[in-house]
Amino acid sequence: MTEETPGFDEKPDVPSGATPEDAEPQAASPSSEEAAAPAGDASAQIAGLTAQLDQVRKSLEERTADLQRLQAEFQNYRRRVERDRIAVKEIAIANLLTELLPVLDDIGRAREHGELVGGFKSVGESTEVVAAKMGLQQFGKEGEPFDPTIHEALMHSYAPDVTETTCVAILQPGYRIGERTIRPARVAVAEPQPGAQTVKAEGADEKPAGDDKENGGPDEG
């Protein structure tokens with residue numbers, strides 16, 4: 001019997017000409033199925049990420065469209081509010097100036113009668129200036145054609161020197177604010193004299209008696 005030396009492990013027998021690494025067991029190489037599995041998982045992950053990206057893009061487009069619609073609605077609201085504000089302001093000014101028209105009429109009559117003097121003159125002219133700054137415009141002049149949309153005829157007569165219905169006297173001036181008439185001009189109108197044009201036409205149709213016989217006519221007998 002041979003005695004075993006304590007403290008030393010037995011080593012496997014190594015064939016002659018072989019290196020020590022050849023004696024170590026080699027790790028098993030992965031199979032083809034195991035190598036294909038990670039590639040399939042990567043494709044599935046890419047497809048999932050692409051689907052998520054498409055969903056995010058769709059959601060972004062919807063939110064952008066909602067934001068654009070809200071912005072358009074807000075702009076329309078602002079324009080509507082501004083338009084209503086201007087309309088309310090114009091109505092308020094028109095109501096105020098309508099109540100002021102009798103005062104302006106008194107000032108005008110006082111001026112026509114030479115009574116607009118002294119302190120009353122200063123107050124009257126200041127009132128007219130303030131009314132003009134607020135957009136009040138006076139209209140109505142003698143001799144202008146009668147327009148039923150801006151004139152109100154209180155008196156009617158005939159005159160031989162007019163060719164159409166004409167305002168011959170302004171009984172009360174009219175007032176407007178911009179294109180809006182707040183009071184028509186009250187006027188006296190005159191129309192052409194009835195039959196005047198007919199008489200003139202009949203006179204034009206008359207011919208001298210000597211014109212009935214043409215020159216160079218046939219001689220008698």
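The values are calculated or read from the model by the stated rules, or taken from the named source; none is laboratory data. Keep in mind it's a predicted model, so treat the numbers as computed, not measured. No Cβ is skipped: glycine too gets one built from the backbone with ideal geometry, and neighbour counts run over all protein chains shown. Note: accessible area is taken over every heavy atom of the protein model, side chains too, but ligands, DNA and RNA are not part of it. Shrake-Rupley method; radii C 1.70, N 1.55, O 1.52, S 1.80 Å.
What the table below lists for this structure:
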{"item": "Test: THR98 is of a type in the set (S, T, N, Q) and open to solvent by 100 Å² or more (accessible area, probe 1.4 Å)", "result": "no"}
{"item": "Leading residue by the ranking (surrounded by the fewest Cβ atoms within 10 Å (Cβ to Cβ)) among those in region 164-209 that are at pLDDT 90 or above and in a loop (DSSP other than H, G, I, E, B)", "result": "GLU164"}
{"item": "Top-ranked residue of region 106-143 - restricted to ones that are open to solvent by less than 30 Å² (accessible area, probe 1.4 Å) and more than 37 Å from the chain's Cα centre (by Cα), ranked as farthest from PRO173 (Cα to Cα)", "result": "LEU116"}
{"item": "Breaking point among (1) farther than 29 Å from GLU90 by Cα; (2) part of a strand (DSSP E or B), for GLY143", "result": "(2)"}
{"item": "Cross-chain or 6+ apart pairs with Cβ under 8 Å, region 86-114 first and over 13 Å from GLY124 (Cα atoms), then part of a helix (DSSP H, G or I)", "result": "LEU97/ALA131"}
{"item": "First in region 161-184 and free of Cβ contacts under 8 Å to residues at least 12 places away in the same chain, second anywhere and open to solvent by less than 60 Å² (accessible area, probe 1.4 Å) and aliphatic (A, V, I, L, M), Cβ under 8 Å, 6 or more apart", "result": "none"}
{"item": "Residues of region 151-162 classified as open to solvent by less than 60 Å² (accessible area, probe 1.4 Å) and either part of a strand (DSSP E or B) or at pLDDT 95 or above (or both), total", "result": "4"}
